[in-house]
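Scroll down for the structure; my scribbles are underneath it.
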Amino acid sequence: HILLGRAAKHDSQHGRAWRALTTAMQLYAARGSMVDAARAAVETLNIFIAPGPRQEIADRALAALGDQDPQLEAMLIIQRLRLRSLDSERERALEARLAVLRAAHSFPDVEANVAGYAIDRALFAGQSEQAIRLSRQAHRLYIAADDAEQAAAVLYGEAIAIGHVGRLDEAVRTLHALREFSSRAQLRLFEGLAYQGLAGILYNRGQIAQ
């Protein structure tokens with residue numbers, strides 16, 4: 001089910017991916033394999049759907065996993081932090097535990113998601129230029145972690161942020177980079193988003209024929 005979910009997610013079939021991965025979580029949990037259930041949860045939490053169900057999945061997976069696997073625990077923590085809706089005490093506790101795990105271990109996927117979390121916080125604080133700078137670092141980290149989909153998502157977010165601050169020529173270059181990257185990685189969702197972004201900028205500039 002995890003492999004089916006990954007394949008569906010890669011093909012931008014997020015509903016199918018969600019069903020396959022949540023089924024995998026339930027099957028592993030029923031067998032008492034909390035590490036495998038957590039691994040399926042990490043995959044599920046990267047699906048682009050509303051945050052509410054993902055928050056519940058992250059909370060359940062963290063509670064069931066405990067400290068059995070530091071990499072999965074760190075990934076679940078950073079994913080839960082990125083989903084927000086935490087009271088300040090729980091947020092501080094999760095951040096403190098994440099700091100302990102990062103000090104003891106070096107996991108490329110965790111570091112990439114920490115960079116993604118920094119982007120989230122910059123955008124939430126209205127710091128678009130900081131988010132743009134962080135996006136470039138995060139894109140490289142996601143590539144190093146062999147996570148092409150999240151690398152594409154960061155590049156798309158960077159293009160949107162650049163457009164919001166009015167640097168449309170730079171946004172066009174970033175969208176072209178996204179289109180090329182997504183094409184090589186066979187990420188149809190982000191390739192389509194790149195074309196949509198480019199078309200929107202051309203339309204706003206009155207260059208409809210292009």
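The values are calculated or read from the model by the stated rules, or taken from the named source; none is laboratory data. Given the structure is predicted, the values throughout are model-derived calculations rather than measurements. Neighbour counts are summed over all protein chains in view; Cβ atoms, including those assigned to glycine, are modelled from backbone coordinates with ideal geometry. Please note that ligands, DNA and RNA were not included when accessible areas were found on the heavy atoms of the full protein model with its side chains. Shrake-Rupley method; radii C 1.70, N 1.55, O 1.52, S 1.80 Å.
Averaging the sequence gap over all C-alpha pairs within less than 8 Å and six or more residues apart, then dividing by the number of residues, gives the chain a relative contact order of 13 percent. Legend: calculated FRET efficiency, ASP87 to ALA125, from the Cβ-Cβ distance at R0 = 22 Å, rounded to 0.05, equals 0.70.
Tell me the carbon and sulfur percent of the accessible area for the stretch 37-100, rounded to whole percent, probe radius 1.4 Å. Each step should come with its number before you reach the end.
Values: 1470 of 2890 Å².
Looking at the stretch 37-100 in its full context, I get 51 percent from C and S.
Round to the nearest 10 and give me the degree value, 0 to 90, for the angle of helix 70-83's Cα axis relative to the longest principal axis of the chain. Tilt of helix 70-83: around 50 degrees. Heavy-atom surface analysis with a 1.4 Å probe gives the stretch 113-156 a carbon and sulfur content of 52 percent of its accessible area. Between helix 34-45 and the chain there is an angle of about 20 degrees, using the helix long axis and the longest principal axis of the Cα atoms.
Once the other residues with Cβ under 15 Å from the Cβ of ALA20 are scored (Lys, Arg +1; Asp, Glu -1), what is the net sum? Before the final figure, lay out the partial values.
On the way: positive: ARG6, LYS9, ARG16, ARG19, ARG39; negative: ASP11, ASP36, GLU43.
Combined, the nearby Lys, Arg, Asp and Glu give +2.
Local charge for VAL172 was computed over the other residues whose Cβ lies under 12 Å away, with Lys and Arg +1 and Asp and Glu -1, and equals +2.
Given the choices [x] 19.2, 73; [y] 18.0, 59; [z] 16.8, 52, Rg and Dmax of the Cα atoms in Å derived from the coordinates of this structure is entry [y].
Normalised by the number of residues in the stretch 53-140, the average gap of Cα pairs under 8 Å and 6 or more apart makes the relative contact order 25 percent. Shown in residue order for the stretch 142-148 are the 3J(HN,Hα) couplings computed by the Karplus curve 6.51 cos²θ - 1.76 cosθ + 1.60 at θ = phi - 60°: 5, 5, 4, 7, 6, 10, 5 Hz (x for Gly and Pro). For the chain, the solvent-accessible area works out to 52 Å² per residue, with a probe of 1.4 Å and every protein chain left in place.
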